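Note sheet for the following structure.
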Amino acid sequence: MNCEGKLRLRKVNADDFGAMRSKFVVVKNIVDELYGTSEMAMSRSQLNHLIEHYYHLGKVIDAYEIFGGYTNRSFGVIVRDEKGDLHDYFVRKYKREASAADIEVEHALVEYAAAHGMDEISTIVRTSDDRSFVQLEEEKEGERIRRYFAVYTFLDGDDDYDWINTNMTPEEDREFARILAKFHDSVNGFDPGEKAEPKIMDMLKQLPTCFVECNKALCVDPDDRFDMLWKDSREDLIQHCDKVLANITPKIMAEMPMCVCHCDAHPGNVKWDHGKCVGIFDFDWAKMDYRLFDVCYALVYTCSSWKAQSDGTLYFDRCRFFLDGYNDYLKEHGTLTPLTAAEKEAFPYMMIAGGLYLAHWCTCYYADYEYLSEYEYFYYLAHTVRLIHFFDTHIDELRDLVSRY
């Protein structure tokens, strides 16, 4: 056979593969850097257009991304107004799936809370034509997509904690509970209507199907640690859904108060100043639900151990500080009552429900498993599974904990 003029297939050895891989790594780093630079440029352009064209607040002097969230993107923006004064603003870029209707409810909630005494809150800045958010388009992977943006006043204070680093003092546990109680009280009477996500007790009826279906049609690597743990834990999680529904009966539910719940209350969603909570934010998960669920979910976040030796256990002493702060605020200032007899009866099982809600959040891994760290999400899921088991084996202790209030 005459090979002249043909594309000859070169024989390569291990050294050749090593050299090619080194070149690929260099190219990948260049591409990643270019992509990151283009993302920054697009974000800065969007912020400039937003502030200067829709809000007419002045000229953007500086902007930076605020990290820590898992769904939306957040930015701090420094603006010089026409008088030459500098102002800080907080800008939220909502996730792709966010609906205009849900954003409108969230903003109405924020404005209601601020009008009813919640001064530790970032208020909505309205556009020149009195809208609470703006829709912009951007191109992603060749597709034109819609994204919503909103501008808020900037909350002073420090980000001392996040949803994993919650090693607070007793005074800070009480403070965190106080600000949650004040939020519940300030939105008491606000009707957000129905959101896409159901109330927790209805959600528990849907979770077994969701837990089975969430990874069914995906081609996840068989050695993926998150997926292996999920498959091992799934039936147990489904049984816990059934246990909660069996023990929080319709009769108990009928006697439990509802209010607008934050549904993501953790120490990373508040601002701190020398041990005092001076701001609370991130209300896009907020919905009408049983008040007890929000209290229990905050305890799941705040008072559980992430330490290697005790991961997935609950600090009962810290729970007492939290419940002290929550009930004391409502006794002194509240239109809502402190925890009721029905809530105390449901408390141990609502703690399990809080763990199941967090387990459901962990399944967001499957939506982007090709890009997310399996080890990071394995860590979250392993903690949550241990925590649910801890609640289940300490029902009497949980009942005794809440009976004191």
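With the condition kept exactly as written, say whether any residue in the range 45-56 is under 19 Å from residue 155 (Cβ atoms), among the hydrophobic types (A, V, I, L, M, F, W, C), in contact with a helix residue (DSSP H, G or I) (Cβ under 7 Å, 6 or more places away or on another chain) and at pLDDT 90 or above. Looking through the range 45-56, none of the residues is under 19 Å from residue 155 (Cβ atoms), among the hydrophobic types (A, V, I, L, M, F, W, C), in contact with a helix residue (DSSP H, G or I) (Cβ under 7 Å, 6 or more places away or on another chain) and at pLDDT 90 or above.
Note on the range 254-280: residues that are part of a loop (DSSP other than H, G, I, E, B), crowded, with 19+ Cβ neighbours inside 10 Å and not small (Gly, Ala, Ser) amount to 5.
Give the residue, chosen from 105, 60, 110, 134, that is of a type in the set (Val, Ile, Thr) and over 27 Å from residue 194 (Cβ atoms). Even if it seems obvious, please write down each step before you answer.
Numbers: 105 fails: over 27 Å from residue 194 (Cβ atoms); 110 fails: over 27 Å from residue 194 (Cβ atoms); 134 fails: over 27 Å from residue 194 (Cβ atoms).
It is 60.
Contact annotation: residue pairs with Cβ atoms under 9 Å, 6 or more positions apart or on different chains, pairing a residue in the range 307-321 that is at positive phi with a partner that is assigned to a loop (DSSP other than H, G, I, E, B) and not β-branched (Val, Ile, Thr), are 312/305; 312/306.
Answer yes or no: is there a residue in the range 16-28 that is within 20 Å of residue 136 (Cβ to Cβ), modelled with pLDDT under 90 and either surrounded by fewer than 16 Cβ atoms within 10 Å (Cβ to Cβ) or in contact with a strand residue (DSSP E or B) (Cβ under 8 Å, 6 or more places away or on another chain) (or both). Please lay out each step first, then the result.
So in the range 16-28, the residues within 20 Å of residue 136 (Cβ to Cβ) come out as none.
No, the conditions are met nowhere in the range 16-28.
If you check 153, 169, 123, 127, which single one turns out to be under 26 Å from residue 259 (Cα atoms) and touching a residue at least 40 places away in the same chain (Cβ under 8 Å)? Explain how you work it out, then say what you get.
On the way: 169 fails: under 26 Å from residue 259 (Cα atoms); 123 fails: touching a residue at least 40 places away in the same chain (Cβ under 8 Å); 127 fails: under 26 Å from residue 259 (Cα atoms).
Step by step, each of 153, 169, 123, 127 is checked, and only 153 is under 26 Å from residue 259 (Cα atoms) and touching a residue at least 40 places away in the same chain (Cβ under 8 Å).
Being touching a Pro at 6+ places or on another chain (Cβ under 9 Å), assigned to a helix (DSSP H, G or I) and under 24 Å from residue 228 (Cα atoms) is the requirement here; does residue 321 meet it?
On the way: touching a Pro at 6+ places or on another chain (Cβ under 9 Å): yes; assigned to a helix (DSSP H, G or I): yes; under 24 Å from residue 228 (Cα atoms): no.
Here the answer is no, as residue 321 does not meet what is asked.
For the residues 236, 173, the requirement of being more than 23 Å from the chain's Cα centre (by Cα) and in a helix (DSSP H, G or I) singles out 236.
Being small (Gly, Ala, Ser), within 19 Å of the chain's Cα centre (by Cα) and within 20 Å of residue 348 (Cβ to Cβ): is that true of residue 298 here? I'd like the intermediate steps shown before the answer.
Working: small (Gly, Ala, Ser): yes; within 19 Å of the chain's Cα centre (by Cα): yes; within 20 Å of residue 348 (Cβ to Cβ): yes.
The answer is yes for residue 298.
Residues of the range 286-342 that are of a type in the set (Val, Ile, Thr) and crowded, with 23+ Cβ neighbours inside 10 Å: 295, 300, 302. Residue 245 meets the conditions (1) over 20 Å from residue 164 (Cα atoms); (2) part of a loop (DSSP other than H, G, I, E, B); (3) of a type outside the set (Asp, Glu) in every case but one. The failed one is (2). Contact map, the range 224-235: first residue without any contact (Cβ under 8 Å) to a residue 24 or more places away in the chain and closer than 15 Å to residue 356 by Cα, second residue in a helix (DSSP H, G or I) and not aliphatic (A, V, I, L, M), Cβ cut-off under 7 Å, separation 6 or more or different chains; pairs are 234/211. Quick check: is even one residue across the range 74-92 over 23 Å from residue 187 (Cα atoms), among the polar types (S, T, N, Q) and within 22 Å of the chain's Cα centre (by Cα)? Within the range 74-92, one or more residues are over 23 Å from residue 187 (Cα atoms), among the polar types (S, T, N, Q) and within 22 Å of the chain's Cα centre (by Cα).
Determine whether residue 340 is modelled with pLDDT of 95 or more and out of contact with any helix residue (DSSP H, G or I) (no Cβ under 8 Å at 6 or more places or on another chain). So residue 340 fits the description; yes.
Would you confirm, using the coordinates I've provided, whether residue 167 is closer than 30 Å to residue 119 by Cβ, touching a Leu at 6+ places or on another chain (Cβ under 8 Å) and either among the basic types (Lys, Arg) or surrounded by 12 or more Cβ atoms within 10 Å (Cβ to Cβ) (or both)?
Values: closer than 30 Å to residue 119 by Cβ: yes; touching a Leu at 6+ places or on another chain (Cβ under 8 Å): no; either among the basic types (Lys, Arg) or surrounded by 12 or more Cβ atoms within 10 Å (Cβ to Cβ) (or both): yes.
No; evaluated as a whole, the condition is false for this residue.
Remark: pairs (first residue in the range 90-114, farther than 15 Å from residue 125 by Cβ; second residue β-branched (Val, Ile, Thr) and at pLDDT 90 or above; Cβ separation under 7 Å; 6+ apart in sequence or on different chains) = 94/103; 109/187; 109/260; 112/187; 113/121; 113/187. Scanning the range 346-402 for residues that are among the β-branched types (Val, Ile, Thr) and surrounded by 20 or more Cβ atoms within 10 Å (Cβ to Cβ) returns 352, 384, 385, 388, 402. When the range 64-83 is limited to residues that are among the basic types (Lys, Arg) and part of a strand (DSSP E or B), the one that is modelled with the lowest pLDDT turns out to be 73. Could you grab me the full set of residues in the range 324-341 that are touching an Asp or Glu at 6+ places or on another chain (Cβ under 8 Å), in a helix (DSSP H, G or I) and over 13 Å from residue 405 (Cβ atoms)? Listed by number, the list holds a single entry, 333. Of everything in the range 101-125 that is surrounded by fewer than 16 Cβ atoms within 10 Å (Cβ to Cβ) and of a type in the set (Gly, Ala, Ser), the residue that is farthest from residue 53 (Cα to Cα) is 117.
Just to be sure before I move on: is residue 86 surrounded by 19 or more Cβ atoms within 10 Å (Cβ to Cβ), hydrophobic (A, V, I, L, M, F, W, C) and either closer than 27 Å to residue 365 by Cα or in contact with a strand residue (DSSP E or B) (Cβ under 6 Å, 6 or more places away or on another chain) (or both) in the structure I sent? Lay out the reasoning, then the answer.
Details: surrounded by 19 or more Cβ atoms within 10 Å (Cβ to Cβ): no; hydrophobic (A, V, I, L, M, F, W, C): yes; either closer than 27 Å to residue 365 by Cα or in contact with a strand residue (DSSP E or B) (Cβ under 6 Å, 6 or more places away or on another chain) (or both): yes.
Answer is no for this residue.
The values are calculated or read from the model by the stated rules, or taken from the named source; none is laboratory data. Since the model is a prediction, treat every value here as computed from it, not as a measurement. Using ideal geometry, Cβ is built from the backbone for each residue, glycine included, and neighbour counts are taken over all protein chains shown.
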